[in-house]
Each structure stands twice: as structure tokens, then as C-alpha cells.
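**Student:** Here you go, one structure.
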Amino acid sequence: MKESMNQKTTYKKLILKSIIITLLITLAIAFIYAHVMKKEAIETLTKVDAKKTTQLVFETLYSAMSKGWDKQDLEARTKNPFIGRALHNEEIFNLIDESTIEYFYPVVAKQECMQCHTTAQVGNVLGVIEISYPIVDLKVSLSSLINFFVVFVIAFSGIVFIALFIKLYKHLVKPIKNFVQNVNQISNNKDITQRVNVENEIHEIHSMQEVFNNMLDSLEFQFYNDELTGLPNRKRLLETINDKSNAILMILNIDKFQEINDLYGESIGDE
């Protein structure tokens with residue numbers, strides 16, 4: 001029996017375990033979300049920044065482009081599969097590693113380009129600008145932001161779960177604990193005249209307390225009163241005498257009571 005009791009858990013441990021598991025799951029979700037958000041932010045921001053930088057490079061090299069490109073250089077660069085895709089008017093964003101990206105920007109012919117590219121048409125891809133862009137500084141700033149987000153989630157979750165644990169302990173665990181202590185005290189003192197009295201605002205705990213006290217009332221009545229007449233019995237008389245309380249003892253003697261039972265039955269005799 002004791003071994004079985006030792007294997008059982010408590011509400012305090014159960015609530016604490018549930019809160020810890022929920023907290024760990026929340027932190028895991030927050031960490032995964034932060035990692036995904038960090039990756040997407042790096043790709044999006046660096047792509048926008050690289051595109052703007054590429055456009056600036058194009059404006060800077062615009063005068064050089066009017067002189068034409070070296071054919072051998074162009075043939076060497078077209079072997080790059082990303083350049084080949086960019087020549088088909090596709091913007092390519094390639095994350096080489098955690099510190100560097102490549103951005104391939106297709107140079108599309110505009111109306112002002114027709115002065116140099118007489119054989120081209122508006123909308124044709126005249127070439128590709130390739131740029132390698134370090135993202136260390138951007139990553140550091142994003143890492144700081146993500147770390148702040150994770151710390152905030154941890155701190156906020158910790159505060160919420162601590163407050164939840166305190167609330168549950170006050171209104172659930174503590175009343176049950178006090179109830180059990182009252183019951184153990186009655187059992188250890190072997191005094192059925194005591195009653196459980198736990199101050200709480202929980203309806204279920206109050207109902208459980210009333211049921212237990214009603215059971216004690218019934219046991220006390222059966223213990224101190226005669227089952228047939230309902231009058232105080234010898235046990236009550238002895239305790240009253242020991243307590244030196246004022247009491248009246250009345251002795252009733254019915255002659256030939258056995259004849260009534262024999263003639264009319266015990267049920268009539270009890271009545």
C-alpha cells in the first residue's frame with residue numbers, strides 16, 4: 001500500500017510538470033520561428049539591398065557600357081549557370097554561405113540604351129551584372145534583433161507561467177493540501193467531533209468539505225446515540241460525566257417488554 005502511494009504524483013508536481021513542458025514547447029516554437037524569420041529576413045533584405053547596389057553600379061558603369069563589352073569576357077561568364085538564367089531575364093539570388101551572397105541582375109534594354117545597342121529592342125537582356133555582397137553587418141543586426149526577441153519570449157513566458165503556477169497553487173493545490181491536513185489531524189487525534197474547516201473560494205473544495213463533515217456528523221450520531229431510540233447512549237453519558245457538564249439522567253423501565261415483542265412483533269415493540 002505504501003509503495004503504491006509513493007508511486008502516485010501530486011497536484012503540485014503535476015501542475016509544475018505541465019507548466020515546464022508547455023514552457024519548453026513554447027520556447028522551442030519561438031526558437032524555430034526566430035530561426036526561420038532570421039533566414040527569410042536576411043534573404044529579403046539582402047536581396048533588396050543588393051538590387052539597389054547593382055542598380056547604382058549599373059548607373060556608374062553606364063558610360064563604359066556605351067563603348068561595348070569584350071566578347072571573350074562575355075563568353076567566359078556565360079558558362080556560369082546563374083548568368084545563363086539571368087540572361088533570360090531572371091533575377092538570381094544565391095546565398096553562398098552564412099556570410100556572402102551573390103546577386104545576378106539582368107540589364108534590360110531601355111529606350112535610352114538604343115543609342116548604343118542599335119540592334120537590340122526595348123526589353124531585351126543586354127547583359128548581366130554579378131555582385132558578391134557580404135551580409136555580416138546585416139546578420140549581426142538581425143542576430144541582435146532575433147536574440148532580443150528570444151529573450152523577450154523567454155522572459156514573458158517565464159512571468160506568465162510563474163503567475164499561472166502561483167494562481168493554481170493558491171486556489172487548487174493549497175486548499176486540497178489544507179483539506180488533507182485537516183483530515184489527517186482528525187484521524188490522528190481519533191476525534192470525530194472535529195470538523196474540516198478550510199477557508200477557500202472554490203465551489204468544488206467547499207462541496208467536498210461539506211460532504212466529509214456530513215459523514216462525520218453521521219458517524220458521531222451513530223457513535224453517541226442509541227440506534228433504536230436515537231437517545232444519547234452510555235458512551236455519551238460517560239463522556240458527559242468526565243467533562244463535568246450539567247446533564248439529566250432518566251431511567252425508564254418497561255415491565256414485560258418481551259411479551260410485547262412476542263405478541264405484536266419486534267417492529268411494533270421498537271415503535
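**Student:** With the condition kept exactly as written, say whether any residue in the stretch 169-179 is modelled with pLDDT of 80 or more, surrounded by fewer than 11 Cβ atoms within 10 Å (Cβ to Cβ) and closer than 30 Å to Lys13 by Cβ.
**Tutor:** No, the stretch 169-179 contains no residue that is modelled with pLDDT of 80 or more, surrounded by fewer than 11 Cβ atoms within 10 Å (Cβ to Cβ) and closer than 30 Å to Lys13 by Cβ.
**Student:** Another question, if that's okay. Taking Val122, is it in contact with a helix residue (DSSP H, G or I) (Cβ under 8 Å, 6 or more places away or on another chain), part of a loop (DSSP other than H, G, I, E, B) and modelled with pLDDT of 80 or more?
**Tutor:** So Val122 passes the test.
**Student:** Continuing with the same structure: So in the stretch 180-205, with the set limited to residues that are at pLDDT below 80 and either surrounded by 14 or more Cβ atoms within 10 Å (Cβ to Cβ) or aliphatic (A, V, I, L, M) (or both), which one is nearest to Lys235 (Cα to Cα)?
**Tutor:** Filtering first and then ranking leaves Ile192.
The values are calculated or read from the model by the stated rules, or taken from the named source; none is laboratory data. Note that the structure is predicted; figures quoted are calculated from it, not measured. Heads up, the Cβs are rebuilt from the backbone with ideal geometry, glycines too, and the neighbour counts pull from every protein chain shown.
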